[in-house]
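Okay, so here's the structure we're looking at.
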Amino acid sequence: MRAIRSFVLALSLVAFGGSAALAEKAGDPGTNVEMPFLIAPMTKDGTLLGYAYISSHLQATSTSAALDIRDKMAFIQDAFVRDVNAAPIGLASDPTKVDTKALNARLVNDAKRVLGGAKVASIVFGDGKKDTGIQFSPLHPSMTPPPPEVAAEVD
């Protein structure tokens, strides 16, 4: 009888210990919440150069936190829009390129302020790998050089 109790106790410890090892973490399926496109003005010395189109997703700390993010998505998006319109997001050296590190920190802080607590782990632009999720569109398209294949046809 003792052997059976010991076996059941050991089995339950393994089962509960194993579930702790499977705890959710940011980036797991169900924790990524795709955000609507963010359109941010790009300026230099108060002059509008164009807009940055930014695709992103928030990584929640758990699936329940992801549900909270989805519930408050409109408020988070409003905070993002206000933030990118309040202060420049471009690099000092090249105002047509987004300072992704600074923007990342600003947007995560905005989301945390809206949600409260530690429900947001990070924000990822694009797919987080090859696609940066950020595209600059100049205010005047003539500022953009044509693609090489088009330039070769004109010559």
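The values are calculated or read from the model by the stated rules, or taken from the named source; none is laboratory data. Owing to the predicted nature of the structure, the values given are computational and were not obtained by experimental measurement. Calculation scope for accessible area: heavy atoms of the full protein, side chains included, ligands and nucleic acids excluded. Shrake-Rupley method; radii C 1.70, N 1.55, O 1.52, S 1.80 Å.
Counting only protein heavy atoms and using a 1.4 Å probe, what share of the accessible area of the stretch 34-115 belongs to carbon plus sulfur, as a whole percent?
Numbers: 2370 of 4390 Å².
Exposed carbon and sulfur together represent 54 percent of the surface.
Could you work out the pair-distance distribution P(r) of the stretch 48-92 from its alpha-carbon pairs, with 10 angstrom bin width and percents rounded to whole numbers?
Over the stretch 48-92, the share of Cα pairs per 10 Å bin runs 21, 45, 25, 9, 0 percent.
Set the bar at 24 Å for Cα to Cα. Now go through Lys44/Lys112; Lys101/Lys129; Lys44/Lys101; Lys97/Lys119; Lys101/Lys130 and name every pair that lies beyond it. Write out the running numbers ahead of the final one.
On the way: Lys44/Lys112 29 Å; Lys101/Lys129 15 Å; Lys44/Lys101 19 Å; Lys97/Lys119 29 Å; Lys101/Lys130 16 Å.
Among Lys44/Lys112; Lys101/Lys129; Lys44/Lys101; Lys97/Lys119; Lys101/Lys130, the Cα-Cα distance tops 24 Å for Lys44/Lys112; Lys97/Lys119.
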